[in-house]
Amino acid sequence: MDKNFIIGLVLIMLMLIGYQILVPKPVEPAPVEQVKQTTTKPSVSVPTVSDSTNLPLSSDSNAVAQVAPKDLVIETNDTRVVFSNKGGIMKEVMLKKYKTYDQKPLYLIAENHNTFRINFPRATGDVHLTDMFFTTDAQDQKLGEKDSVIVTYRASLKNNQFVEQTYVVRGSGYVIDYGIKSNATGSGDKLVQLDWNNDLLQLENDMHKNREVVTINYYTDDLQSLATSPTETQEEKTAEPVKWFTIKHKYFLAGLIAEKHPFSNMAMRADVNPTDSTVVKTMHVTAGIPMSAIQKGEANYQFFLGPNDYHLVDKVKAENFDQNVYLGYAFLKPINKFFLVPLFNFLEKFVSNYGLLIILLVIFVKTILTPLTYKSYISMAKMKLLAPELEQIRSQNPDDMAKQQQEQMKLYQEVGVSPLSGCIPVLATMPILFSLFFLFPNLIELRQQSFLWASDLSTYDSFIKLPFTVPFGVGNHISLFTVLMTVSSIGYAYYNNQITPTQPGPVNMKVLGYIMPLMFMFVLNSFPAGLTFYYFVSNVVTIAQQLLIKRFVNEDKIRNILEENRKKNANGEKKQTKFQKYLEKSLQAAEEAKKKQADLEKRSKKK
């Protein structure tokens, strides 16, 4: 393996290690108050609520309202939403097209694992809307794809005042409109406090990995996220207006978007209990809604409760909502957004098996990069032809590394070979490898897609289970795709070492070419099988490419070109490039520095 390719591998390794480094007991949900019921048939009349109490009361402040909890079920093509008249809230949201890792129904909002609390400011004290009973004329419905329904929950306050919550549910999609309004007077300068507590139930198989990535995203003028930790509580506050926030699972989102009036005084906390085998983390979000907006009927928002699919979130009418799908660092995001993601979805139209799709993706990318691969191979072929002369230089200066490098540079100038000619093509392919490294762990399309022995390409393939856990992210399993990737990388290193001369230096680059893949094996063992399968196929295709290129490369022709360049440079016929001039000046400066150092040593000895 040549030095330039090793540079690329080292860069990837450093990125992987940084990702591992960069990349608390949950709070029990508040108990729901049991509403006392009389022996008479419950009434569905609108209750009157006292401003000074948290319980729903009738016009007689000493009597408990005769209202029973009642659910309302709205079913669409994509979701099943259950509303409750207690608080006028969403009680459950189930995604019909997705299952948990163990094939159970997938709930983003689950009963007893989610609470919405809205504290309504009044002159005589806050009213807790969550504890009130609302009425609605809406009925259970199953919507067609193009249908929609408006669900309005209304409750009376004292002095002929009211509060009303409205939901708009569409027959398809994952956006639910939400509005709250009231004719309550006064307190226009105050904030209505929204508290949302959500237990993130385990939806994917690797609990530890889930705890590393689940977070709360929020958008001010740019995207920000609550810090993540698999073992410790994290919390954060912001005084900036928040345009939207999402409680983010690995592949799903539960979020709220402000259409006109951003959220104020937002606070977030993530509690984690490492011993809990059911709840990944418990997320808490507190945000302020302007009371004046509620009084004007302008407090309109949107819930997004669905998959974190780039093509879905990109269509949500909220500023940069698509950033919930992490596509890598800023300089890598355009590659994923405008090239790899569209290419992946284009291939989806023709191939339903995602293992075969990944193979086609590799072939397509490698075909585009063929000119760079060809140039890199030609550079290695030139270095191979120069190997005898390079070895002679090393034998003539066995103990002087600086002299070896100077003589090598002179040789490169004579034959017209740039040591960077092989490095540039390899480095040019690095952005693709980096982009895929970030893309594959965030592609919901791979979730629960099987291929060969891997039951889910979005997580690791556990080919062998270990009776113990290996630290540093390795886990208690062995991924066969990762092993195949490692073997193919070592095979590729062996092939390159046969055509690449040994480079001088303190580190044997050929040996390092065998060590690096082994290090990658431990780092990538718990990464998605789709990613390691891609790297495996990529190695195989690259070797096949180079074997094919070798059939069309005439080494005698390359040798003749090198000799012609040597003659031209010897006769002064060929002009030096800027890089060659720079190298010559560098060599001269190094030689002068060496002479000065020798003179200083002689003088010091004489003294």
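The values are calculated or read from the model by the stated rules, or taken from the named source; none is laboratory data. Just so we're clear, the structure is a prediction, and the values are computed from it rather than from any experiment. As a convention, Cβ positions derive from the backbone with ideal geometry for all residues, glycine included, and neighbour counts pool all protein chains shown. The area values use the complete protein model at the heavy-atom level, side chains included, leaving out ligands, DNA and RNA. Shrake-Rupley method; radii C 1.70, N 1.55, O 1.52, S 1.80 Å.
Can you divide the C-alpha Rg of the range 87-174 by 2.2 N^0.38 Å and report the result to two decimal places?
1.35
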Debye, to nearest 20: dipole size of the range 219-371, +1 on Lys, Arg Cβ, -1 on Asp, Glu Cβ: 380
Where the only charges are on Cβ atoms (+1 Lys, Arg; -1 Asp, Glu), what is the dipole of the range 243-283 about its Cα centre, to the nearest 20 debye? 160
Which ³J(HN,Hα) values, rounded to whole Hz and listed in residue order, are derived for the range 339-344 from phi using the Karplus coefficients 6.51, -1.76 and 1.60 in 6.51 cos²θ - 1.76 cosθ + 1.60 with θ = phi - 60°, glycine and proline given as x? 10, 6, 5, x, 5, 4
Too-long pairs where the Cα-Cα distance tops 19 Å, listed order kept, from 410/602; 410/567; 190/296; 260/317; 142/181; 209/337: 410/602; 142/181; 209/337
Can you list residues whose amide H is under 5 Å from residue 133's amide H, if they're 5+ apart or on another chain and H is modeled 1.01 Å from N? 87
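Considering only protein heavy atoms and a probe of 1.4 Å, how much of the accessible area of the range 291-436 is carbon and sulfur, as a whole percent? Walk me through the numbers on the way to the answer.
Numbers: 4020 of 6590 Å².
Within the range 291-436, the accessible surface is 61 percent carbon and sulfur.
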Please turn the phi angles of the range 226-232 into ³J(HN,Hα) values with the Karplus equation 6.51 cos²θ - 1.76 cosθ + 1.60 (θ = phi - 60°), one per residue in order, whole Hz, x for glycine and proline. 5, 4, 10, 8, x, 10, 10
Taking a threshold of 30 Å on the Cα-Cα distance, which of the pairs 158/248; 366/568; 315/375; 243/366; 366/557 fall above it? 158/248; 366/568; 315/375; 243/366
Restricting the calculation to Cα positions, tell me the Rg (one decimal) and the Dmax (whole number) of the range 79-125 in Å. 14.7, 51
How much FRET efficiency would the formula 1/(1 + (r/R0)^6) give for residue 353 and residue 549, where r is the Cβ-Cβ distance and R0 is 22 Å, rounded to 0.05? 0.15
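Rounded, prolate or oblate: which fits the range 201-338, taking a ≥ b ≥ c as square roots of the Cα gyration tensor eigenvalues, rounded meaning a/c under 1.5, else prolate when a/b beats b/c? If you can, show how the numbers build up before the last one.
Details: a/c = 1.88, a/b = 1.26, b/c = 1.49.
In terms of gyration-tensor shape, oblate.
Need the full-extension length gain, residue 399 to residue 430, defined as separation in residues times 0.36 nm minus the C-alpha distance. One decimal, nm. Please list the in-between numbers first.
Values: separation 31, 0.36 × 31 = 11.16 nm, distance 3.52 nm.
Extra length from residue 399 to residue 430 when fully extended: 7.6 nm.
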Projected label distance in nm at residue 562 and residue 598, using a 7 Å step from Cα toward the beta-carbon: 2.9
Convex hull volume per residue for the range 152-271, taking Cα atoms only, in Å³: 143
Residue 511 to residue 338: extension gain in nm, 0.36 nm per residue of separation minus the Cα-Cα distance? 58.5 nm
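How big is the charge dipole of the range 341-402 about its Cα centre, in debye rounded to the nearest 20, if each Lys and Arg gets +1 on its Cβ and each Asp and Glu gets -1 on its Cβ? Mind showing how you got there, number by number?
On the way: 6 positive and 5 negative charges, 77 e Å.
Dipole about the Cα centre, nearest 20: 380 debye.
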³J(HN,Hα) across the range 268-273 via Karplus (A = 6.51, B = -1.76, C = 1.60, θ = phi - 60°), whole Hz, x for Gly/Pro? 9, 8, 10, 9, 9, 10
Could you give the spread of the C-alpha atoms of the range 281-324 along their three principal axes, from largest to smallest, in whole angstroms? 36, 28, 15
